[in-house]
Amino acid sequence: MTLKATPLNSAHRSLGAKMVDFGGWDMPVNYGSQIEEHNAVRTDAGMFDVSHMCVVDLKGANVRAFLRGLLANNVDKLQVPGKALYSAMLNPEGGVIDDLIVYYFSEDWFRLVVNAGTAEKDVAWMTQQNEATNSGITITQRRDGNDPIALIAVQGPNARAKVWQVLPSTQAASEPLKPFNVVIVPDTQFGEVMVARTGYTGEDGFEIGVSASQVEALWNAFAAAGIKPAGLGARDTLRLEAGMNLYGQDMDDSVNPLDAGLGWTVDLVSERDFIGKAALQANGQQANFVGLILREKGGILRAHQKVIAASGNVGEITSGTFSPSMQQAIALARVPMDVAIGDTVHVEIRDKKLAASVVKLPFVRNGKVLAA
């Protein structure tokens, strides 16, 4: 099978990146030291090629009404152009088809950014719902075809200042942005640029959308400004420390968002109906989603390891790693409802049962360790 490549593929290779198959995409896992890349984001600024993610533009008079029924979070929270919202898109059984960010630009234009591996499934589902509801929406994915949009995430305490160094014409419009807001700046030296104050690392920064034809020049300019290229390895340790879910690992079509720690993204209060709402109301929450810190030597926490509660009830690790910021083995886990923050549980690692503490997420945010 031929792997798909982002417009930055040759840039990664010229930097000597170690490339891996990531859901059918040829992506950099690191450029040398994954730890250095992780630490650059926590202490200074790092950048990630996220062009495998897919921008989807939804346009038409009925876009808001369409999204009101499509998403578990409520797009009516988006009343000021430039606001963004994190949400899950559910199937009728309440399972997560995908998690995504929706940006509101105008009443007839909302933009979604969806995950790489689910993009085709997502667009097919949206198209099916568009037809079923006769909404008349135009759905355009912007990853391939005419005028594709490439994405670079620049993250870290110095990320915004370094972006403005390279893109000074974006500073006036993007400096006032609060987290989860976006602006489009039409005329930079790299053409039209979307600057969103969103990210997946637990640090401040921007996710930047630019024409695929301009992205390599922008990437090189960022590198020249001292923004360190970072690969999927650091991206995973950063997002895990930040307690952020990875689609396909921490949740999928078979897991409802209430059991994935995403209850805060689900609006069950308003009268609004949405796909999956009835299933969520009928089934409720069946599991807790928590952080674990391994308290005994002798193992690394990994996905699918069993988590045994004091009651004997069993849960499972969904994501695990060794935290560079904490110098401890940490994990995200879906555990029985009788497991609470502060409890000690045991994790089955090979033939051992090792003690772990149950902690509130996130582990790390804005450079500070929050869980001990």
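The values are calculated or read from the model by the stated rules, or taken from the named source; none is laboratory data. What you see is a predicted model; the values in this text were computed from it and never measured. Neighbour counts are summed over all protein chains in view; Cβ atoms, including those assigned to glycine, are modelled from backbone coordinates with ideal geometry. For accessibility, only protein heavy atoms count, side chains too; no ligands or nucleic acids. Shrake-Rupley method; radii C 1.70, N 1.55, O 1.52, S 1.80 Å.
Values as computed for the structure displayed
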item: Criterion violated by residue 328 - all others in (1) closer than 22 Å to residue 249 by Cβ; (2) touching a residue at least 40 places away in the same chain (Cβ under 8 Å) satisfied; result: (2)
item: Residue within the stretch 183-198 that is among the hydroxyl-bearing types (Ser, Thr, Tyr), surrounded by fewer than 24 Cβ atoms within 10 Å (Cβ to Cβ) and within 15 Å of residue 318 (Cα to Cα) present; result: no
item: Selection count, the stretch 331-372, where residues are over 30 Å from residue 40 (Cβ atoms), of a type in the set (Gly, Ala, Ser) and without any contact (Cβ under 8 Å) to a residue 60 or more places away in the chain; result: 2
item: Residue in the stretch 292-305 that is closer than 27 Å to residue 368 by Cα, in contact with an Asp or Glu (Cβ under 6 Å, 6 or more places away or on another chain) and at pLDDT 95 or above present; result: no
item: Total residues in the stretch 147-171, condition over 17 Å from residue 217 (Cβ atoms) and among the basic types (Lys, Arg); result: 1
item: Residue list for the stretch 3-16, restricted to those being open to solvent by 20 Å² or more (accessible area, probe 1.4 Å) and outside any strand (DSSP E or B); result: 3, 5, 7, 9, 10, 13, 14, 15, 16
item: Residue match in the stretch 343-354 (condition: part of a strand (DSSP E or B), among the charged types (D, E, K, R) and either open to solvent by less than 60 Å² (accessible area, probe 1.4 Å) or under 15 Å from residue 371 (Cα atoms) (or both)); result: no
item: Filtered residues of the stretch 218-246 (kept if farther than 15 Å from residue 153 by Cα and in a helix (DSSP H, G or I)); result: 224, 237, 240, 241
item: Members of the stretch 363-372 that are within 17 Å of residue 199 (Cα to Cα) and open to solvent by 30 Å² or more (accessible area, probe 1.4 Å); result: 365, 366, 367, 368
item: Residues of the stretch 276-299 that turn out to be open to solvent by less than 60 Å² (accessible area, probe 1.4 Å), outside any helix (DSSP H, G or I), over 10 Å from residue 347 (Cα atoms) and not aromatic (Phe, Trp, Tyr), as a count; result: 8
item: Filter result for the condition that a residue is open to solvent by less than 30 Å² (accessible area, probe 1.4 Å), out of contact with any strand residue (DSSP E or B) (no Cβ under 6 Å at 6 or more places or on another chain), more than 26 Å from residue 356 (Cβ to Cβ) and touching a residue at least 60 places away in the same chain (Cβ under 8 Å), over 267, 273; result: 267
item: Among (1) farther than 26 Å from residue 144 by Cα; (2) assigned to a strand (DSSP E or B) - the single one residue 48 does not satisfy; result: (1)
item: Residues being within 22 Å of residue 247 (Cα to Cα), open to solvent by less than 70 Å² (accessible area, probe 1.4 Å) and in contact with a helix residue (DSSP H, G or I) (Cβ under 7 Å, 6 or more places away or on another chain) - total across the stretch 21-37; result: 6
item: Of all residues making up the stretch 40-62, the number that are out of contact with any strand residue (DSSP E or B) (no Cβ under 6 Å at 6 or more places or on another chain) and either surrounded by fewer than 19 Cβ atoms within 10 Å (Cβ to Cβ) or under 30 Å from residue 273 (Cβ atoms) (or both); result: 4
item: Odd one out for residue 316, checked against (1) in contact with a strand residue (DSSP E or B) (Cβ under 8 Å, 6 or more places away or on another chain); (2) over 22 Å from residue 90 (Cβ atoms); (3) open to solvent by 30 Å² or more (accessible area, probe 1.4 Å); result: (2)
